Amino acid sequence: MLKITLATGNLHKVEEINLIAKNYNIEFVLPEGEFDPVEDSDNFLGNAYCKAKCAANLGKTELYLADDSGLCVEALNGEPGIHSARYAPSAKERIYKLLDAIKNEENRKAYFTCAMVVVDKKSNILFQTQQYCHGEILKEEIGDNGFGYDPIFFVESEKTGMAQLSPDKKALVSHRAKALNEVLSWIKNEYIEK
Ligand code: IMP
């Protein structure tokens with residue numbers, strides 16, 4: 001079993017990632033010690049690298065995987081984007097702030113994106129990818145699953161709300177699933193089949 005440190009403190013993220021990776025012989029473990037990264041980049045890949053470096057500094061495994069994700073809304077020039085987690089104090093407030101910000105916009109196109117970076121113990125980048133899930137911002141919340149902005153996101157490929165998707169279905173179509181599948185294919189080629 002290959003152990004990889006997942007550079008996050010978010011348990012929901014760990015659950016989603018473990019579900020997507022369930023057919024691989026990989027155990028994702030949380031960083032040990034104080035994981036408190038400074039995310040000072042202006043883009044998703046840069047911020048994922050900040051988290052990866054912070055986890056690698058704490059040590060523990062050979063490989064470290066970090067992700068940085070967010071929701072980008074066309075009519076808001078890509079906002080909340082890298083500020084998605086801090087757009088407003090609580091998840092509900094973030095949703096209402098976003099709905100209010102685009103209430104007069106006809107263009108409701110948006111996408112979730114997820115950047116992932118794999119580093120070694122010395123913080124050398126071994127692999128990186130950025131993937132997308134396209135859709136639109138709904139006019140009101142719908143569905144009970146998922147987290148964050150899921151209740152107001154309509155998934156173009158599924159023609160349904162993100163929060164209406166079962167966890168198994170989200171694990172097939174989300175931005176995070178697509179990015180993780182790239183990472184898992186790379187790990188499989190580099191570490192498991194050799
Ligand atoms: P980070 O990737 O932990 O820096 O946070 C990204 C933020 O983007 C989260 O706190 C959510 O608000 C939002 N976000 C990222 N992925 C998703 C998702 O799959 N569903 C809903 N919101 C998401």
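The values are calculated or read from the model by the stated rules, or taken from the named source; none is laboratory data. Here the structure is a predicted model, which means the values were calculated and not measured. Note that we place each Cβ from the backbone using ideal geometry, even for glycine, and neighbour counts take in every protein chain shown. The protein model used for the area step is the full one, side chains on, heavy atoms only, and it has no ligands, DNA or RNA in it. Shrake-Rupley method; radii C 1.70, N 1.55, O 1.52, S 1.80 Å.
A compact table of results
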{"item": "Surrounding net charge for residue 182, when Lys and Arg each add one and Asp and Glu each subtract one, Cβ distance under 14 Å", "result": "+1"}
{"item": "Note, ³J(HN,Hα) from phi for region 82-87, Karplus 6.51, -1.76, 1.60, rounded to Hz, x at Gly and Pro", "result": "5, 9, 3, 6, 10, 4"}
{"item": "Partner aspartates and glutamates for residue 13 [C-alpha distance under 19 Å; skip if fewer than 8 residues away on the same chain]", "result": "27, 32, 34, 36, 39, 67, 68, 144, 150, 168, 182"}
{"item": "For residue 20, net neighbour charge (Lys/Arg +1, Asp/Glu -1) across residues whose Cβ lies under 12 Å away", "result": "+1"}
{"item": "Solvent-accessible area, 1.4 Å probe, carbon plus sulfur percent, for the chain", "result": "46"}
{"item": "Semi-axis lengths, Å, the chain, gyration tensor of Cα atoms, sqrt of 5 times eigenvalues", "result": "30, 18, 14"}
{"item": "Neighbour net charge for residue 121 - beta-carbon separation under 10 angstrom, K R +1, D E -1", "result": "0"}
{"item": "Rounded accessible area per residue of the chain, 1.4 Å, Å²", "result": "51"}
{"item": "Kirkwood hydrodynamic radius of region 89-194, Cα pairs, Å", "result": "15.4"}
{"item": "About the Cα centre, charge dipole magnitude for the chain (Lys/Arg +1, Asp/Glu -1 at Cβ), debye", "result": "320"}
{"item": "Per-residue ³J(HN,Hα) for region 51-65, Karplus 6.51 cos²θ - 1.76 cosθ + 1.60, θ = phi - 60°, Hz, x for Gly and Pro", "result": "5, 4, 4, 4, 5, 5, 5, 7, x, 2, 10, 6, 10, 10, 10"}
{"item": "Accessible area in the full protein assembly, largest first, 1.4 Å probe, for 12, 134", "result": "134, 12"}
{"item": "Cα-projected label distance for residue 91 with residue 18, points at 7 Å along beta-carbon direction, nm", "result": "1.8"}
{"item": "Segments 156-169, 62-75, 93-106 sorted - mean Cβ within 10 Å per residue, highest first", "result": "62-75, 156-169, 93-106"}
{"item": "Test item: Cα-centred dipole of region 1-95, Lys/Arg +1 and Asp/Glu -1 on Cβ, debye", "result": "220"}
{"item": "Among the listed pairs 139/178; 3/60; 97/159, those beyond 18 Å (Cα-Cα)", "result": "139/178; 97/159"}
{"item": "Computed lengthening from residue 100 to residue 132, 0.36 nm per intervening residue step minus Cα-Cα distance", "result": "9.1 nm"}
